[in-house]
Amino acid sequence: MLGRLLCTTATMGLRASSASNRIMVGGSTIDISINSEQFDLGQTALLDWVTRSAQAVTAYFGRFPVAHARVHITVSQHGRVSHGVSFGQGGAHCRISVGQHATLADLYNDWELTHEMIHFGFPSVEDRHHWIEEGIATYVEPIARASVGILSAEQVWGEMVRDMPQGLPQAGDLGLDHTHTWGRTYWGGALFCLMADVEIRKRTGNSKGLQDALRAINRAGGTIEADWPLERAFQIGDKASDGGTLITLYGQMSSKPVEVDLGHLWAQLGVRSDGQGVALDDQAPLAAIRSGICGFNKRRE
């Protein structure tokens, strides 16, 4: 049943709408449907969770990436948050399940809804390029959540150190366009994004990054509702980031496997495992680039 949004948060351009289950975030309208009243937390907590996720996405893109979106929340009898999926046909929307007994901590720590909303900000591309859609959502999600205070920089980089090796090519793998395993799709795509972000920042003296490229693609109409050739998106992104990093890197990684020395990259960025997580070394050669990747929220358009 439809409920009324009760939320005291007033940041990031948020305001409550008089329409049931409608919120305004980042200049956009998000309609939220909840198919059951049987959540232990009640609808207000769920609507606050949607708001918080949308605020994180807004922080990264500078605005919410589509003018209107729909979020459909379904109840499951076990688990926390699961089974998120996004669509562009018929307008940007996503469906996601929440456990009946999910807690406030479960919702606060959730990454899946932010991941799904990030999909709204990039065009739909051919199936063989699915890795870039999932890679962007996987890479940007923790950075976006850090921008609104949900994660620390140490947590962001700790997750990358832990999970990024899953994107490295395995025996028999080809390039990203031709190897469609889970690891290469999600984390191979995320590795592409990390390498692009670092290279753009090295080339521009840390004045621009992948965020600038993705914002430009989105501003040019590149949303989940649009079907684009991948090359078009990369050309727009490269123009906005003063170079050809995306097209060049795509040429290197699309058809053949590329080995990346992650240990060396972490050392250059100043990310050191300390046994329980990571410690950040501000004296490392690329420490400023590491800080720039997680510090985009200091810059406003």
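Each reported figure results from applying straightforward, stated rules to the coordinates on display, with no laboratory input. Model, not experiment: these values are computed from the prediction. With ideal geometry, Cβ positions are generated from the backbone for all residues, glycine too; neighbour counts draw on all protein chains shown.
The fewest-to-most ranking of Ser241, Ser255 by surrounding Cβ atoms within 10 Å reads Ser255, Ser241. Shown in residue order for segment 220-227 are the 3J(HN,Hα) couplings computed by the Karplus curve 6.51 cos²θ - 1.76 cosθ + 1.60 at θ = phi - 60°: 7, x, x, 10, 4, 7, 10, 9 Hz (x for Gly and Pro). Relative protection proxy for 66-73, 144-151, from highest mean packing down: 144-151, 66-73 (other beta-carbon atoms within 10 angstrom).
From the helices alone, meaning DSSP H stretches of at least four residues, give me the mean residue ellipticity at 222 nm for the chain, per-run term -39500 (n - 2.57), in deg cm²/dmol to the nearest 500. After summing the helix terms and dividing by the residues of the chain, the value is -12500 deg cm²/dmol. Among Pro257, Pro123, Pro285, the largest mean-square fluctuation in a Gaussian network model of the chain (Cα springs under 10 Å) belongs to Pro285. Residue separation of His178 and Arg128 scaled by 0.36 nm, minus their Cα-Cα distance, works out to 17.3 nm of gained length. Just checking the listed ones, Asp282, Asp274, Asp110: in the Gaussian network model of the chain with Cα springs under 10 Å, the one fluctuating most is Asp274.
The fewest-to-most ranking of Leu174, Leu46 by surrounding Cβ atoms within 10 Å reads Leu174, Leu46.
With R₀ fixed at 41 Å, the C-beta to C-beta distance from Ala67 to Gln252 puts the FRET efficiency at about 0.70. Computed over segment 161-286, the alpha-carbon pair-distance distribution with 5 angstrom bins reads 2, 10, 18, 19, 20, 16, 9, 4, 1, each value a whole percent.
Look at the alpha carbon pairs under 8 Å that are at least 6 residues apart: their mean separation over the length of the chain gives a relative contact order of 15 percent. Hydrodynamic analysis of the chain uses the Kirkwood radius over alpha carbon pairs. Inserted into Stokes-Einstein at 4 °C and 1.567 mPa s, it gives a translational diffusion coefficient of 66 µm²/s.
Each label was represented as a point 7 Å from its Cα along the Cα-to-Cβ direction; for Asp242 and Asp227 these points are 3.7 nm apart.
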